[in-house]
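**Q** Let me begin by handing over the structure; questions about it come next.
Rule-based calculations on the coordinates, nothing more; no lab input. Since we're looking at a predicted model, the values are computed, not measured. Counting neighbours? That spans all protein chains shown, and the Cβs are built from the backbone with ideal geometry, glycine included.
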Amino acid sequence: MQDRRDFILGAGTSVGAMTLASCATTNAAAEAPVSFNVIYPNHEGARFDTAYYKDTHIPLVMRVMNAASVTLTEGVPMGATPAPFAMIAHFQFASAEALDAALANPAMAELRAMSHASPTSDRRS
């Protein structure tokens with residue numbers, strides 16, 4: 001049985017939606033990895049600078065959050081239908097405590113502010 005507290009935490013920003021997911025079970029002896037996902041929705045008029053995001057923003061976020069890894073997934077259009085998201089960043093942490101420490105880092109507020117002012121954001125949201 002999964003501990004719901006550790007399974008999902010949702011938050012939204014004007015830039016994207018964030019979720020936290022853990023594979024931890026209440027009976028697990030060892031700490032399970034934890035994922036933190038940032039989803040950048042794609043909608044008419046949205047702007048997303050993929051090169052900036054990959055080359056500048058993600059390396060900075062990785063330094064500040066000290067995540068174990070990150071997997072980036074770009075949205076793919078289906079024929080004439082645009083992709084529902086521009087990008088999903090899937091950050092992996094060794095434990096819930098590692099994620100808590102990352103989110104408590106005072107530099108996170110600065111990163112969030114950069115996201116709202118950077119070329120990756122949709123300022124009209």
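**Q** Applying the selection to segment 42-60, what residues are surrounded by 11 or more Cβ atoms within 10 Å (Cβ to Cβ), among the hydrophobic types (A, V, I, L, M, F, W, C) and within 16 Å of THR73 (Cα to Cα)?
**A** Across segment 42-60, the qualifying residues are PHE48, ILE58.
**Q** Out of curiosity, is ALA67 touching a Phe, Trp or Tyr at 6+ places or on another chain (Cβ under 6 Å), assigned to a loop (DSSP other than H, G, I, E, B) and either over 28 Å from ALA101 (Cβ atoms) or not basic (Lys, Arg) (or both)?
**A** Here the answer is yes, as ALA67 does meet what is asked.
**Q** Any idea how many residues of segment 81-93 are surrounded by 15 or more Cβ atoms within 10 Å (Cβ to Cβ) and in a loop (DSSP other than H, G, I, E, B)?
**A** Of the residues in that region, 1 qualify.
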